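The values are calculated or read from the model by the stated rules, or taken from the named source; none is laboratory data. Just so you know, these numbers come straight off a predicted model, no measurement behind them. Backbone-built Cβ (ideal geometry, glycine too); neighbour counts: all protein chains shown.
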Amino acid sequence: MTLTLSHFSAALLFSVFASIVFGITQRNNTRDQIRYGLYCFAMFVGGVIVAGWVMWMLRR
Amino acid sequence: MANPPTTKNEAIATKASAQPITVMSVLAPAVGWLIPGAGHLIQKRWIRGLLLMGSIVIMFVIGLMLEGHVYQPNGGDILDMLGFVGDVGAGGLYILSQAMNWGHGAISHATADYGTKYLIVAGLLNFISVADAYHIAIGKKP
């Protein structure tokens with residue numbers, strides 16, 4: 001069974017799972033874990049969008 | 001003025017003796033490596049354990065479904081060896097993939113490289129999870 005994902009959806013799924021693990025392991029209490037997980041997710045997705053725009057500008 | 005070496009050594013020795021090796025401090029990382037998230041589950045951190053297990057297992061499965069490459073121990077190339085180090089972090093999942101001969105097919109589409117990265121990162125995240133289980137076991141983290 002194979003799966004085909006677009007570049008963006010693959011990056012988005014990656015961000016979700018990595019952020020969950022980072023949130024749980026890098027902070028001590030539940031509130032901080034959720035906040036840090038959301039922060040990591042925002043940074044991942046933001047980084048993807050910024051990198052996408054940078055590549056678009058380089059291509060032009 | 002800095003502390004004399006003897007005082008510093010005493011402080012380190014006191015700190016080390018304050019964290020004795022317990023059964024759980026050995027068992028939790030070992031079980032956590034073999035089954036992602038299980039190191040937390042055996043310490044009754046149910047939600048954290050299930051979230052870690054779900055995240056790491058799903059990442060590994062998606063990596064396989066994207067037809068990612070599972071690295072072998074004797075890759076030869078330095079990048080293959082690093083890939084192996086990442087993959088082997090997934091513990092039981094890596095052993096299972098080797099036993100079932102998964103992750104050795106020909107790459108047939110452009111995003112398959114994402115699969116390889118998913119597999120490596122799943123293993124690396126499990127290493128972090130194992131370290132976290134150890135910190136819980138020694139009382140460094142609640």
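Could you count how many residues in the stretch A:29-55 are under 9 Å from the mean Cα position of the chain (by Cα) and among the aliphatic types (A, V, I, L, M)?
First, pick out the residues of the stretch A:29-55 that are under 9 Å from the mean Cα position of the chain (by Cα): A:40-48.
Still in the list and also among the aliphatic types (A, V, I, L, M): A:42-43, A:45, A:48.
Within the stretch A:29-55, residues that are under 9 Å from the mean Cα position of the chain (by Cα) and among the aliphatic types (A, V, I, L, M) number 4.
Any chance the stretch B:31-48 includes a residue that's at pLDDT below 95 and part of a loop (DSSP other than H, G, I, E, B)?
No: the stretch B:31-48 contains no residue that is at pLDDT below 95 and part of a loop (DSSP other than H, G, I, E, B).
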Run A:Asn28 past the list (1) part of a helix (DSSP H, G or I); (2) closer than 15 Å to B:Asp132 by Cα and report the number of the one that doesn't hold.
(1)
If you go through the stretch B:97-129 one residue at a time, how many are part of a helix (DSSP H, G or I) and closer than 20 Å to B:Met81 by Cβ?
16
What pairs can you find where one residue is in the stretch B:46-64 and more than 8 Å from chain A (Cβ to nearest Cβ), the other is among the hydroxyl-bearing types (Ser, Thr, Tyr) and in a helix (DSSP H, G or I), and their Cβ atoms are less than 6 Å apart, with a gap of 6+ or different chains?
B:Gly63/B:Tyr118
Which numbered condition B:Leu119 misses (of (1) buried (at least 24 other Cβ atoms within 10 Å of the Cβ); (2) within 11 Å of another protein chain (Cβ to nearest Cβ)):
(2)
